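S.K.: Below: one structure in structure tokens.
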Amino acid sequence: MTRGASSIRELMALPTANLVAEADRIRTERYGDGVWIRGLMEFTNRCACNCLYCGLRRENRKIGRYSLEENVLLDAARAAFDRGIRTFVLQGGEDPLWTTDRLCAIVRAIKEQTSGEAAVTLSCGIRSPGEYRALRDAGMDRYLMRFETSDRELHECLRDGVSLERRLRALRDLREAGVEVGSGFMVGLPGETEKTRRENLELCRDLELDMIGIGPFIPNPDTPLFAAAPGTIEETVRMTAIVRIILPDANIPATTAAGSLFAEGREAMLAAGANVLMPNITPLSVRMLYLLYPGKDTIRQDGVQELDEIAGHLRALGRTMRLDRGDSRSSARRRGVAETAAARM
Ligand code: 5AD
Ligand code: SF4
């Protein structure tokens, strides 16, 4: 079932219960009961950007900054790999200390250390097309970069002068580099309207994303948006469900932000089409410092040790923990098309 431009508007008019039921049906049809695990490593909290909503923004002097050494990352990846995890997400701010050469080297090292078995996802902001290609050549499989909001003015204001066009160009560059592309948006940013949310959904569809990250905005006391109202769980769930309906083959995580702001936020997302969880495997010594927003719900125990707990919890929800790579069905389809085209040539 494909849905045209007008139907996002129609979907947005439906009651939440209907959206959730349809999204859950589609998720079951495409991905079964699986919930795929990604080991998240927050490798640097240094950032050259100054996004108004984010605790890692350049002008926030209240947090201690860190950047992990390669051996620390490789140890964390090894422990997670030994426990069965087959996807690593290296997430960080736009940190000039992490040159492309350095990033390529760590990608190569993780690939080597795991005999090429693990998928490596990077998420470290806007880089040049040549840099994305170099990372792909080093073995990078996927890249995550939310567009945050599709409203041009709001984007430029909240990202302190960085235009939406730039972000979208970088997402196109990633697509051209041939890696799986993830993006997404926050729900309930100050100044956002129903039209913004509709256009966020349309943009996800038009970008044909392989992965979509959606989370509620959470005001951070150390940012200019300290007094703004947070996003709601209802809207977050609605957006998740609609994204599953319009992009049935995408991987959709139940995000940390949803779990931090609402007690059962992640469970609600899993019930509304989400099929991915990203437990934090960053060494505990620096975990407290990656404070995008307050109350971040990953500062408990080590993500690797947590796996048994997660498996049990998912089982109680009628879901199955999956540790394998879990490539998106959309990327498999894209690869299939490319192979068929090549065979015809
Ligand atoms: N509330 C919720 N999500 C946030 N992010 C950054 N700051 C906040 C906040 N205050 C999200 C952004 C970014 C991702 C890594 O974290 O969407 O892309
Ligand atoms: Fe940096 Fe990302 Fe935070 Fe913006 S949202 S300040 S780019 S870490």
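The values are calculated or read from the model by the stated rules, or taken from the named source; none is laboratory data. All figures in this text were calculated on a predicted structure; none of them were measured in a lab. Backbone-built Cβ (ideal geometry, glycine too); neighbour counts: all protein chains shown. Side chains included, ligands, DNA and RNA excluded: accessible areas come from the protein's heavy atoms. Shrake-Rupley method; radii C 1.70, N 1.55, O 1.52, S 1.80 Å.
S.K.: Is there any pair linking a residue in the stretch 73-86 that is in contact (Cβ under 8 Å) with a residue 40 or more places away in the chain to one that is open to solvent by 50 Å² or more (accessible area, probe 1.4 Å) and acidic (Asp, Glu), with Cβ under 9 Å and at least six apart or on different chains, and which?
M.R.: Gly84/Asp324; Arg86/Glu117; Arg86/Asp324
S.K.: Can you tell me which residues in the stretch 21-59 are of a type in the set (D, E, K, R) and without any contact (Cβ under 8 Å) to a residue 60 or more places away in the chain?
M.R.: Of everything in the stretch 21-59, those that are of a type in the set (D, E, K, R) and without any contact (Cβ under 8 Å) to a residue 60 or more places away in the chain turn out to be Arg25, Arg46, Arg58, Glu59.
S.K.: With the checklist (1) under 30 Å from Ala332 (Cα atoms); (2) of a type in the set (Val, Ile, Thr); (3) touching a strand residue (DSSP E or B) at 6+ places or on another chain (Cβ under 9 Å) in hand, flag the one item Thr44 doesn't pass.
M.R.: All conditions are met except number (1).
S.K.: In the stretch 120-151, which residues are away from ligand 1 (no atom under 16 Å from the Cβ) and at positive phi?
M.R.: Across the stretch 120-151, the qualifying residue is only Gly139.
S.K.: I need every pair where a residue in the stretch 173-195 that is at positive phi has its Cβ under 7 Å from the Cβ of a residue that is assigned to a strand (DSSP E or B) and modelled with pLDDT of 95 or more, sequence separation at least 6 or different chains.
M.R.: Gly184/Ile212; Gly184/Gly213; Gly184/Ile214; Gly188/Pro216
S.K.: For the stretch 230-253, give me the residue count where each residue is touching a residue at least 60 places away in the same chain (Cβ under 8 Å), farther than 16 Å from Arg30 by Cβ and open to solvent by less than 50 Å² (accessible area, probe 1.4 Å).
M.R.: Number of matching residues: 2.
S.K.: Scan the stretch 232-290 residue by residue and report those that are touching a strand residue (DSSP E or B) at 6+ places or on another chain (Cβ under 6 Å), over 23 Å from Ile8 (Cα atoms) and not β-branched (Val, Ile, Thr).
M.R.: Residues satisfying the conditions are Ala257, Leu261, Leu277, Met278, Asn280, Tyr290.
S.K.: Looking at the stretch 315-337, which of its residues are hydrophobic (A, V, I, L, M, F, W, C), open to solvent by less than 60 Å² (accessible area, probe 1.4 Å) and assigned to a helix (DSSP H, G or I)?
M.R.: Within the stretch 315-337, Ala332 is the sole residue that qualifies.
S.K.: Continuing with this model, one more query. If you go through the stretch 23-31 one residue at a time, do you hit one that is in contact with a helix residue (DSSP H, G or I) (Cβ under 8 Å, 6 or more places away or on another chain) and within 16 Å of ligand 1 (Cβ to nearest atom)?
M.R.: no
Every residue, every condition in (1) at pLDDT below 95; (2) out of contact with any Lys or Arg (no Cβ under 6 Å at 6 or more places or on another chain); (3) open to solvent by 20 Å² or more (accessible area, probe 1.4 Å); (4) part of a helix (DSSP H, G or I), yes or no:
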| site | (1), (2), (3), (4) |
| --- | --- |
| Phe43 | no, yes, no, no |
| Asn50 | no, no, no, no |
| Gly55 | no, yes, no, no |
| Arg58 | no, yes, yes, no |
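S.K.: For the stretch 80-91, name all the residues that are outside any loop (DSSP other than H, G, I, E, B) and either over 18 Å from Val179 (Cβ atoms) or open to solvent by less than 10 Å² (accessible area, probe 1.4 Å) (or both).
M.R.: The answer is Ala80, Phe81, Asp82, Thr87, Phe88, Val89, Leu90.
S.K.: Hey, any hits in the stretch 99-119 for a residue that's more than 26 Å from Val35 (Cα to Cα) and either under 13 Å from the mean Cα position of the chain (by Cα) or within 16 Å of ligand 1 (Cβ to nearest atom) (or both)?
M.R.: Checked against the condition, which is being more than 26 Å from Val35 (Cα to Cα) and either under 13 Å from the mean Cα position of the chain (by Cα) or within 16 Å of ligand 1 (Cβ to nearest atom) (or both), the stretch 99-119 yields no hits at all.
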